[in-house]
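Supplied in structure tokens, the structure appears directly below.
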Amino acid sequence: MTHSDLSSTSLQTVPIHTEEDLLTARHAVRAAALAEGLGLVAQTKLVTAASELVRNCYVHGGGGVLRIERVLPPPRRGLRIVVADQGPGIEDPDAALADGYSTGPGLGHGLGGARRLVDEFELRSEPGRGTTVVITRWTA
Amino acid sequence: MPGDRQAAREAVMRAIAGNRGRIASTWVDTQLARATPAIGGEELGEEVQAIISCLLEGLGRDLPDDRVATGHAPLREAVADLSRRWARLGASPTAIATAVFSLKPAILGCMAPQAEEALLVGRLIDAAALVSFQTYVDSREEIIQRQNRQLLEISTPVVHLWHRVLAVPLIGTLDSARAQIVMESLLQAIQDHQAAVAIIDITGVPTVDTVVAQHLMQTVTATRLMGADCVLSGISPRIAQMVAQLGIDLSEITTRSSLADALTEAMRLVQEEGRTERTPAG
Amino acid sequence: MTSPDIPIIRLGEVLVAGLSRELDDKTVMLFADELSRRIGDTRASTVVLDITKVEVIDSFAARMLMEIAAMARLLGARVVLAGMRYSVAITLAELGLALPGVETALSVEHALNRRAGP
């Protein structure tokens, strides 16, 4: 697994099981972004991206977990959010990333939108085995 | 971990633990003989002691030899600290890596190493030297990026042109990073000044590519979302042609050929809003 | 009855609602119900949604706002979204969410003043 290699430290884990957890997760990401010194716009983009992922995890994945990690150099310093569920998975990840794709509430800009708001985006999903999305924002 | 490698690691740990003082002083002497950089023996001693302690801790953990330096955070930080400190004093990345490398003879000199043990020390210290090198490169990169950002901010001033009218005159080539900063500082200024109209003047911009055009469109969208209007001015015939060739649709955007025309339009928009504002309700 | 999370006040023909810092799904949905009732009761011509305090709008919240605007239009009222923060505006623009058909204003004050226009 590339996202949990030795050059990153786990900062916090938030379980996603109830609707209240969506807010808790957002707050945790906001606090971490602030602590890492991200500017207001960068913070807002990261929190919004995380919000999309957490909602997908809750609505489609039947809940899961959000993990906040600090990425250390090498290669660069950054903040990484991992959202994982053990839900039904995504049949066609490429289609899910296209704008307008939606199987639930929202405008169908969730995954594709989250990708545009961050520096790195990785989606791993197998039908029947859950979905993991890893997003990274470089802080330096 | 196979038995012989485990044994080699234990032997190396014993050798380091039993000869801390000697390893440190050998290393310090080596650095002083090179006389680069200008750091006193006492400070060098502290640096190397810290690294040796972390090295021992790291060896005690279940990490492959070549991952101890990166995987054991205190060791990585100790090496990175040395690298940063020396870099500040003007040491070259090669000099820093060489200093880390010289831990190898210092450690091996106080034991009669078996082949496996010598290899282990080699892998360990090579990885540490790489960390020092990488730290140097990263901190350079950080400095360059910070300077770039500062330069960008200076080169994209938002001007308060008229009552509730802001303008950013853009000069020079726009890349994605600069377009992003223009967008952010303009929108923040709209919020701070409660401006009704924002003018983006691209008279001084020689070329526009798809990415930059997209940023401009996003700026217009964001301006509208905030409740203000955006006017794009100074589109030269050359740029107009480029935009058309790229297949970008600017028809939703208010455009004017010159900054003066854009200002006239902006004042009209402000006046229009002002007139409705003064009209008594009802 | 007004939902305690999102107060709605009436100024003549205008309803002004102040959205809180965090828009959670349930609050927004309750608010949409409450607002449609109030528009029906008061025959308001304009609804101003004060989003000055809102720090994050994701695609779900954006959809809710657009639905509220569409619902209000059906009831004969126009909706003005007032005071969107620049950080939120940039994020929405990058998400490709331009909120077409929704009117905007810099602040509640601007929204109220503009109402009297031609």
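The values are calculated or read from the model by the stated rules, or taken from the named source; none is laboratory data. A quick note: this is a predicted structure, and the numbers were derived from the prediction, not measured. We place every Cβ from the backbone using ideal geometry, glycine too, and count neighbours over all the protein chains shown. Each accessible area value is taken on the protein alone, full model and side chains, heavy atoms only, with ligands, DNA and RNA left out. Shrake-Rupley method; radii C 1.70, N 1.55, O 1.52, S 1.80 Å.
Just need log10 I(q)/I(0) for the range B:1-133 at q = 0.10, 0.17, 0.22 Å⁻¹, Debye formula, equal scatterers on the alpha-carbon atoms, no solvent, rounded to two decimals.
-0.28, -0.83, -1.38
Same structure, new question: What are the aspartates and glutamates whose alpha-carbon lies under 12 Å from the alpha-carbon of A:Lys45, with same-chain residues fewer than 8 places away excluded?
A:Asp119, C:Glu55, C:Asp58, C:Glu94
About the Cα centre, and with charges only on the beta carbon of Lys, Arg (+1) and Asp, Glu (-1), how big is the dipole of the protein assembly as shown? Nearest 20 debye, please.
Rounded to the nearest 20 debye, it is 720 debye.
222 nm [θ] for chain B, helices only, -39500 (n - 2.57) per DSSP H run of 4+, per residue, to 500?
Result for chain B: -22500 deg cm²/dmol, rounded to the nearest 500.
Quote the relative contact order of the range B:180-278 in percent (integer), defining contacts as alpha-carbon pairs under 8 Å separated by 6+ residues.
32
Follow-up question, since we're still on this one. Hey, got the average number of other protein chain Cβ atoms within 10 angstrom for residues in C:19-29?
2
I've got another one for you. Can you work out the accessible area per residue across the protein assembly as shown, with the rest of the protein chains kept in place, probe 1.4 Å, in square angstrom?
The answer is 45 Å² per residue.
Under 11 Å from a point placed 7 Å out from the Cα of B:Ile144 along the Cα-to-Cβ direction: which residues of the range B:76-118 have their backbone N that close?
none
Additional query: Quote the relative contact order of the range B:3-150 in percent (integer), defining contacts as alpha-carbon pairs under 8 Å separated by 6+ residues.
About 31 percent, as a whole number.
Leaving ligands, DNA and RNA out of it, report the carbon-plus-sulfur percent of the accessible area of the range A:1-86 at a 1.4 Å probe.
Percent of accessible area from carbon and sulfur atoms in the range A:1-86: 57.
Over the whole of B:179-188, what's the average partner chain Cβ count within 10 Å per residue? Rounded to a whole number, please.
What the average comes to for B:179-188 is 3.
Averaged across the residues of B:70-80, what count of C-beta atoms belonging to other chains lies within 10 Å of each residue's C-beta?
For this peptide, the per-residue mean of nearby foreign Cβ atoms is 2.
While we're here: If one computes the Cα centroid of the range B:91-135 and of the range B:174-208, what distance in Å separates the two points?
What the calculation gives is 51 Å, centre to centre.
From the square roots a ≥ b ≥ c of the eigenvalues of the alpha-carbon gyration tensor of chain B, which class results: rounded (a/c under 1.5), prolate (a/b over b/c), or oblate?
Prolate is the answer for chain B, as a/c is 1.5 or above and a/b outweighs b/c.
Quick one: in the protein assembly as shown, what % of C-alpha pairs are over 37 Å apart?
Taking all Cα-Cα pairs of the protein assembly as shown, the fraction more than 37 Å apart is 47 percent.
Compute for chains C and B the buried accessible surface, both sides summed, probe 1.4 Å, and express it in Å² to the nearest 100.
Its buried surface, counting both partners, is about 2100 Å².
Let me ask something else about it. What FRET efficiency do you get for C:Glu67 and A:Arg116 if R0 is 41 Å and r is their Cβ-Cβ distance, rounded to the nearest 0.05?
Taking R0 as 41 Å, the efficiency between C:Glu67 and A:Arg116 is 0.95.
Rank B:Glu272, B:Glu117, B:Glu184 by mean-square fluctuation in a GNM of chain B with C-alpha springs under 10 angstrom and give only the top-ranked residue.
Fluctuation is largest for B:Glu272.
Let me ask you something else. Cα to Cα, under 14 Å, and not fewer than 8 places away if on the same chain: which aspartates and glutamates meet these conditions relative to C:Lys53?
C:Asp5, C:Glu22, C:Asp24
For B:Arg61 paired with B:Ala95, estimate the spin-label separation in nm (one decimal), with each label point 7 Å from Cα along the Cα-to-Cβ line.
With each label placed 7 Å out from Cα toward Cβ, I get 3.1 nm.
Would you please name the GluC sites (Glu not before Pro) within the range C:13-105 that are DSSP coil residues with at most 14 other C-beta atoms within 10 Å of their C-beta?
C:Glu13
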